[in-house]
1. Just to verify a result, which residue in the stretch 47-78, among those that are touching a Phe, Trp or Tyr at 6+ places or on another chain (Cβ under 9 Å) and of a type in the set (S, T, N, Q), is surrounded by the most Cβ atoms within 10 Å (Cβ to Cβ)?
2. If you check Val132 against the conditions, is it farther than 30 Å from Asp188 by Cα, of a type outside the set (Ser, Thr, Tyr) and surrounded by 16 or more Cβ atoms within 10 Å (Cβ to Cβ)?
3. Any idea which of (1) within 20 Å of the chain's Cα centre (by Cα); (2) over 19 Å from Leu41 (Cβ atoms); (3) among the hydrophobic types (A, V, I, L, M, F, W, C) is the one Val329 doesn't satisfy?
4. What number of residues within the stretch 156-167 satisfy the criterion of being closer than 17 Å to Gly395 by Cβ and within 11 Å of the ligand (Cβ to nearest atom)?
5. Take the conditions of a type in the set (Phe, Trp, Tyr) and surrounded by 18 or more Cβ atoms within 10 Å (Cβ to Cβ) and apply them to Phe91. Does it pass?
6. Suppose we keep only residues that are within 21 Å of Cys360 (Cβ to Cβ), of a type outside the set (Gly, Ala, Ser) and touching a residue at least 60 places away in the same chain (Cβ under 8 Å) within the stretch 121-155. Which one would you say is farthest from the ligand (Cβ to nearest atom)?
7. Counting just the residues of the stretch 343-356 that are under 18 Å from Tyr381 (Cα atoms) and part of a loop (DSSP other than H, G, I, E, B), which one comes out farthest from the ligand (Cβ to nearest atom)?
8. Whether any residue in the stretch 104-120 is more than 15 Å from the ligand (Cβ to nearest atom), under 22 Å from His35 (Cβ atoms) and surrounded by 15 or more Cβ atoms within 10 Å (Cβ to Cβ) is what I want to check.
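Every read-out reported here was derived from the displayed coordinates using simple, explicitly stated rules and does not represent laboratory data. Computed from a predicted structure; not experimentally measured. For neighbour counting, all protein chains shown are included, and Cβ atoms are generated from backbone atoms with ideal geometry for every residue, glycine included.
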Amino acid sequence: MSLSSSVAPSVPVIDLTHLFPLHLTQSGSGGHIDHCHGPVLPMAITRRTVLVGRPNGTSTVRFSTDGGLPDFEFEISPKILEPTHAKATPFWSNYIIGVFAQFPRNIQGLDVVVHSDIPMGGGLSSSAALEVATYTLLEALTGDTSRTAVDKALQCMKAENDWANVPCGCMDQTCSTMGQAGTLLLVDCLTMGITRIPLYHGVCFLVADSGHKHKLEGSEFKNRKDQAADVKAIVRKTFPDVQSHQDITPEMLEAVRKDMPDTTYRIGVHVLTEIKRVHRFAEIMVEIETECSAADSDTHTSDTIEAKLRQAGQLMFEAHNSSANNYCVSTPELNELIEIARKVPGVYGSRLTGGGFGGCTVNMVDKNCVGALEKAIREQYSGNATVFTTEAGEGAKVEQF
Ligand code: ADP
């Protein structure tokens, strides 16, 4: 079914600009800091998942997509409140049923069509976009918007955890829900405090898809999460006051290094250094904003701003190194893309984004140098990479036709 053929007057359309885990330092699914209840710094990308839906007067929910996945339908019944643990088919129905199960109000049958230009399984949180778009559609159709944005994001995360069996943290869903043009979202995943961080207008982000998809419902993602939890548990035996990863200092980690396998220690190093990088990246962006306000012209990038962008970019390179060597979630293809980007003038920083094990890199680039980076990737990458540029975009919204 084509998207336009299902649009009728007064049918709500959910326009979701998907979130892009900027993982500038972890960030979310990628930096693996959200599930440690640390800070993350994502931004929404200017790609979207669009849902078009209308009540069909029955108790049957029907979903179809133009993305090549099979259609499915299910009955609205108390059964949908039980987690499916990835057993529903086709697989993508788990995400949808999970969101229906979280929604706080009785829903009637619907016909829904999904269209998206977010690559699936590329670390760009297509699944969170789907969940948040579905939740937003239900809000639009029922008129029930009683949940806060944070609660909505956490419920969409629960749908992914318990229905799709992906043990992700809350970053992707939070950014898909609350992303705002021109800003990064600093999310403290312990308190769910949100701070909007301005993004310098002279840079844009180039996403390079390595062509190797990840699979987060597999065991490796969960292993890393469990090992990160082990770090905290081991530290707490010696330092019982530690409540979260954010309370662990490098000295504490060193003091208990002998009590844990080296792989666990290195995961601890990644988590602690990512937390620091997230905060520092956000600080640098605020410093740049202050510098811009003080400058009498916004048409040039001053030496001070240039130096700060280099510092921020260096944090991205460090984040990638740590993801590759301490957290061990990179791939040879992602590493190759990083090394290509590192040598291109005008590229400030580059890192993998998303959960790793494949997917995409994200590059912070001077707007005037994007072409040079595209050319370098096209000429030097040994695989077939697809690239696109993005700025910081909007989270989910409703458009009435
Ligand atoms: P990503 O990094 O893209 O979020 P995930 O593995 O977490 O990767 O999620 C990808 C899965 O989400 C897909 O395999 C599919 O099941 C589901 N999905 C995402 N977007 C869509 C869509 N537009 N239509 C149908 N299913 C989707």
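1. Here the residue is Thr65.
2. No, not satisfied.
3. Status for Val329: all satisfied but (2).
4. 1
5. It is false that Phe91 is of a type in the set (Phe, Trp, Tyr) and surrounded by 18 or more Cβ atoms within 10 Å (Cβ to Cβ).
6. So, considering only residues that are within 21 Å of Cys360 (Cβ to Cβ), of a type outside the set (Gly, Ala, Ser) and touching a residue at least 60 places away in the same chain (Cβ under 8 Å), the one farthest from the ligand (Cβ to nearest atom) is Val132.
7. Looking at residues that are under 18 Å from Tyr381 (Cα atoms) and part of a loop (DSSP other than H, G, I, E, B), I get Pro345.
8. Checked the stretch 104-120: no residue is more than 15 Å from the ligand (Cβ to nearest atom), under 22 Å from His35 (Cβ atoms) and surrounded by 15 or more Cβ atoms within 10 Å (Cβ to Cβ).
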